[in-house]
Amino acid sequence: MRLAPPERRERLAPPERRERLATTAALVLGAWAISGAAHAYCPSYTPAQTAGGKNCDVEPALGKNPAVADWSAIFLKVSGGKASWGTEGPDIGTMGKGCGKPTPTTQVPARFPCHVLEAIAMQESGWRQFCVPDAPAASVGAKERTIVSFDCGYGIGQVTSGMRKGETATFDRARVASDPTYNLATGTRILRDKWAATRCVGDNDPGLVEDWYTAIWAYNGLAYSNNPNNPNLKAGRGPYNPKNGGAYAYQERVLGWMEFPPTAAHWPALAPAYPDRGEIGSAGSPPALSEPSCASPTSCAQKRTTHTSECRAVASDAGVEEDAGNVGPFSPDDDSGPGTRRTDDDPPPADDGGCGCGTSGSRAGTGFGVALGAVGVLLLRRIGRRRKPR
Amino acid sequence: MRTHRKFLLGLGTALALGAVALLLRGPRAEATPLPKLRPFAAVVLATPHDAEASRAEVRRIQVNAEGTAQKDALLGDVALPPGGVARGVLEKDDAAWVVADDDVRSDFGAALYRVKGGTTTKVASGVLHASRPLRTDSGALYIERGTPGTAPDAEEARAGLLREDTLTVDRVEGTSLRTVYRTHGYATHLAGALPGQLVVYRVEPTRTAGSYGSVASVVLVDEASGSSRTVAEVPPFARDFSVQGSALFFDDRDAVDSGRWHVMRLDLGTGTLDVVTSRALAAPAVLATAEGIAVTAEGTGGLVFSSSATTRVHDTRTFAPLGAGFYAPLDAVPGQGTVVANFTPPRGYDVLVAMDPQGAAVRLSGADERLELLGVVGTNGGAR
């Protein structure tokens, strides 16, 4: 079949024209970006539908998925560990801190950088504990219920361990299916176990987002597919942008989500540092790695610093619309995300108007083009906010 | 009245200064016509810039005699789960083979599809996520499949073991598959082909007392018998493979220095390895063609064209038509020297761009979608 009329693309234009085109493109993309994304993916397999295969052992539970602001409150609670979630989650062990570089190893209560949890949950389920099933065919038409993948991954954390027939679990499996907070806390406990089972990144500081690199890899599986030297992954790839797509390792996708949140209401953008892929690969699973300092998964020509991350306090009237943010095509251009640890070599932080939130925004240019783009995007954001929340 | 005279005086001065400025600029430079690319077609997978994108179109883009690019024909599409990856190769200029994820949660959750005339047919499942089929010059098609092994326990993981999978290279014969190579390990990557032989990049674990490592090697597999021969061991960071003549070109990390990267040439007959060129801090991407090699430039980026595909880069020309960023050469138009590359800018979305050693270039990507190259077709055919 033919496309009619054919869309013509011009030959590369002179710089001034390209700049104008870029500004126009930024506006168009900005407008597109605030339109919000439809979540269309919702498997919900029952034990009967997986019999003879993965053999899931827990029925999906009916429920209503929390709104973004409600999820933020749950992340705040779960990131604080057992002392914070109390009986709303399973028991959890302590975790090692320090790797002798120079901090000696000690055991500390398990706590988690907020961005790590938020981005893993986005990659795993799109922040969905419950949704209206669109797969398998026999589940289509059912009411909103637990998202259950074909491999028995349940809920927002896609918890698989202990959820199949014949497996024993040291947590309440029914609550993993039915309770968003409990599910997330259980996933977090598994992440803590991955931290314990993998070798140090940097000085093994659980407060640093970047030191979770290998544990995040292991959360998905210590497989070669997630090795950054896998030749099937995109050459020269920069940080993963979910709207750009492409072949990336799991942990690179999670770190990319941190930098490109679905909306500003989900979390403030944070541009994490990556380990040097030249350090990964001579062994099978990742060896002890230096403190990540590369600006992309494939190049250390530019540098980034490491980050801490605390969950935002949730306002009592936090009725934030899902499409209220602006995730433009451009990434934050430095490490001005939350909790950045700056070094003397770093450029000064960009002026964020005193909000200190370091959220996303186009810093890809200067002058009139950017100003026009900002005005246009702000205008479009206002238009976008008038839309009904999903 | 005095005000009026002042105004006229000011106006006259401004006009005079303007005239002087024009004179100082000198004569206008003669407009130099931009070089144009020769006509060819690229077949791509187009996915919208949307984290929840659910389909990718297989589309032909024509670069015409004016050197501009335009959408030409829609060959069909494939379904994708959110975050799914699709890659593929051309069968002919109106048909393609695509490996697309069925389920992103499984490493072998992709499937092989044939797309032609608006019809998409599923041919095989259990295909490796993000892998690309290999089509040989004789027209045979090969894919990477497998089944995941058992996850390493905590002790094994800390000792350096990754999950070991059962891996196969399968030949597609109509609607059935024939396994020509089977191994157990980390990767059996289809790196290229010689007449009657497949070039496989294999990565597998090694065991020493108390710890695990990995070893990578280039293996030749006989298409008919499945027998294999290891040509050389290489550091396990190799990628971006292309075969030219009897040599395999790829980029790889230095065997010792973790911050040094090389473009390598491996003689598949003798096993001799040569360094073609080197980079610090970031690995280049390389493509060997009949006209020479194209390799990512050092520093702020661009693509280096070299007329030599031997063991050293010489007679080079560097171009960066879209500015600074990473240019990964993907495929070349037979007999033209035109290379299609994926451009990753410092910020923003990827762009597919065609460029040649004379400096002509055209952007193939629109603003609203990501393109994955399946192959190119010259004016006299020759789908790759």
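The values are calculated or read from the model by the stated rules, or taken from the named source; none is laboratory data. Predicted model only: the values in this text are computed from it and were never measured. Every residue, glycine as well, gets a Cβ built from its backbone with ideal geometry; the counts of neighbours run over all protein chains shown.
Tabulated data for the structure shown
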| item | result |
| --- | --- |
| Test: A:THR170 is assigned to a helix (DSSP H, G or I), in contact (Cβ under 8 Å) with a residue 24 or more places away in the chain and among the β-branched types (Val, Ile, Thr) | no |
| Breaking point among (1) surrounded by fewer than 16 Cβ atoms within 10 Å (Cβ to Cβ); (2) in contact (Cβ under 8 Å) with a residue 60 or more places away in the chain, for B:ALA255 | (2) |
| Failed item in (1) more than 27 Å from B:VAL44 (Cα to Cα); (2) in contact with a Leu (Cβ under 8 Å, 6 or more places away or on another chain); (3) more than 7 Å from chain B (Cβ to nearest Cβ), with A:GLU279 passing the rest | (3) |
| Every residue from region B:57-92 that is of a type in the set (Gly, Ala, Ser) and assigned to a strand (DSSP E or B) | B:ALA69, B:ALA73, B:GLY76, B:ALA79, B:ALA86, B:GLY88 |
| Residue check for A:SER285: touching a Pro at 6+ places or on another chain (Cβ under 9 Å), facing chain B (nearest Cβ under 7 Å) and crowded, with 24+ Cβ neighbours inside 10 Å | yes |
| Residue check for B:ALA383: under 26 Å from B:ARG59 (Cα atoms) and modelled with pLDDT of 95 or more | no |
| Residue in region B:93-103 that is touching a Leu at 6+ places or on another chain (Cβ under 8 Å), within 11 Å of chain A (Cβ to nearest Cβ), within 24 Å of A:GLY281 (Cα to Cα) and not in a helix (DSSP H, G or I) present | no |
| Enumeration of residues in region A:150-164 that are in contact with a Lys or Arg (Cβ under 9 Å, 6 or more places away or on another chain) and assigned to a loop (DSSP other than H, G, I, E, B) | A:PHE150, A:ASP151, A:CYS152, A:GLY153, A:GLY155, A:ILE156, A:GLN158, A:THR160, A:GLY162, A:MET163 |
| Single residue of region B:40-79 satisfying the filter (more than 10 Å from every other protein chain (Cβ to nearest Cβ) and surrounded by fewer than 17 Cβ atoms within 10 Å (Cβ to Cβ)) that is farthest from B:GLU372 (Cα to Cα) | B:ALA65 |
| Enumeration of residues in region B:201-221 that are more than 11 Å from B:THR183 (Cβ to Cβ), in contact with a strand residue (DSSP E or B) (Cβ under 7 Å, 6 or more places away or on another chain), at the interface with chain A (Cβ under 10 Å from one of its Cβ atoms) and of a type outside the set (Val, Ile, Thr) | B:TYR201, B:PRO205, B:TYR212, B:GLY213, B:SER214, B:ALA216 |
| Matching residues in region B:159-186 - criterion: being among the hydrophobic types (A, V, I, L, M, F, W, C) and within 13 Å of chain A (Cβ to nearest Cβ) | B:ALA159, B:LEU161, B:LEU162, B:LEU167 |
| Count of region A:245-255 residues which are in contact (Cβ under 8 Å) with a residue 24 or more places away in the chain and within 11 Å of another protein chain (Cβ to nearest Cβ) | 4 |
